[in-house]
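Have a look at the structure below before the remarks.
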Amino acid sequence: ESTRSDPATARTLDGTPPTAPSSIDATPVSSSEVRVSWAAATDPETGVGEYRVYRDGVRVATTAERSYLDGGLAPETEYEYRVSAVNGEGLEGNLSDPARATTPRAADMTPPSRPQGLQAEALTARQVSLSWLPSADPETGVTRYRVYRDGSSVGSPTETSYVDGGLTPETEYEYRVSAVNGDGLESDLSDPATVHTPKESDVTPPSAPPALIANAVSATRIDLEWLPADDPESGISGYRVYRGDAFVETSASTTYADLGLLPGTTYSYQVSAVNGEGMEGAKSPVASATTPAGEDVVPPAPPTGLRVVTP
């Protein structure tokens, strides 16, 4: 008998496919995109190497991650997604349960008409009143306006009027206004309107608003509430709300709802009071709140089996 050859080794294949991914979720993120996510599958022998994503029965992606952004979709269309796992031997497991998502309508690409008839009038040495004619947007409508003072945005009213405060006496200001539609598209700026504030009479600013409270009521909204400030000479005409260092809006009351925020984000707020002469006082202490991580954006299914029972 001769000496033995060099050795050769072999490993038997993994004959058991991985489990099907669970907790699959499909969420529209735009009119042409859906994000699909799922919980990890398992394979004790060779592990899970990748996942395969199927849209309406056709494989559209292979990924090592547990989520996938599916793009190039049609607006206002329902899609069904399933996911399978592939182990280290290339063996594909069963498909997951289906998850369905309907893309929203396509964005409005036409901006609103530019506001017309802008008028500016000095109410006090530190306040200017603005008014204009409504803009039009047949597709998604006009949701708000943006007021610009000397080229900088100072407010976003939903009505066709606005009171701008915190100004300097005996100073000329130029204002323009734009319209914003339901998809956030902004119109051209209006023709300018100029105004000159008069000399000031009340020279004492109001006190800082006390006891500011910020409460996150949803993933995109924080409600603010505070106690009234004081100004014995000309009274309080409104409050200016600041998010961080940026001015957000003027409120006529001691409450304000800050909308359109990002989920899972911490925001800090301060509030100042404006007196009857438009003079702004010191800011309140800082109040912070964190929006929840996300909201359920899929409505419940409609009720079924409705019937009328006659006694």
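Quick notes on this one:
- If only the Cβ of Lys and Arg carry +1 and only the Cβ of Asp and Glu carry -1, the dipole of the chain around its Cα centre is close to 500 debye.
- Segment 128-272 shape via C-alpha gyration tensor axes, a/c threshold 1.5: oblate
- Listed residues S207, G235, G72: farthest to the positive end of the dipole of the chain (Cβ charges): G72
- Expressed as a fraction of 2.2 N^0.38 Å, the C-alpha radius of gyration for the chain is 1.53.
- Take the Cα of S22, go 7 Å toward its beta carbon, and the backbone nitrogen atoms of segment 63-95 under 16 Å from that spot belong to 83-85, 94-95.
- Here the spin labels are modelled as points 7 Å beyond Cα on the Cα-Cβ line, and at T77 and R11 they lie 4.3 nm apart.
- Using C-alpha pairs below 8 Å separated by at least 6 residues, the relative contact order for segment 1-124 is 29 percent.
- Straightening the chain between S268 and L306 buys 8.9 nm, computed as 0.36 nm per residue apart minus the Cα-Cα spacing.
- For segment 14-173, the spread of Cα positions along each principal axis, largest first, Å: 85, 32, 20
- Cα radius of gyration and Dmax for segment 1-51 (Å): 21.5, 76
- If the convex hull is drawn through the Cα atoms of segment 37-108, its volume per residue in Å³: 85 Å³
- In whole angstrom, segment 223-311 maps to an equivalent ellipsoid with semi-axes of 41, 20, 9, each derived as √(5λ) from the alpha carbon gyration tensor and ordered largest first.
- Overall form of segment 144-214 per C-alpha gyration tensor (a/c, 1.5; a/b vs b/c): oblate
- Extension gain, R221 back to D97 (0.36 nm per residue minus Cα-Cα distance, nm): 41.3 nm
- Theoretical gain in end-to-end length, R4 to S129 [0.36 nm per residue, Cα-Cα removed]: 34.9 nm
- Hypothetical label at D56: residues of segment 70-88 whose amide nitrogen lies under 12 Å (7 Å Cα-Cβ projection): 73-81
All of the numbers you see were taken from the coordinates with simple rules; none came from a lab. Here the structure is a predicted model, which is why all the values come from computation and not from measurement. As a convention, Cβ positions derive from the backbone with ideal geometry for all residues, glycine included, and neighbour counts pool all protein chains shown.
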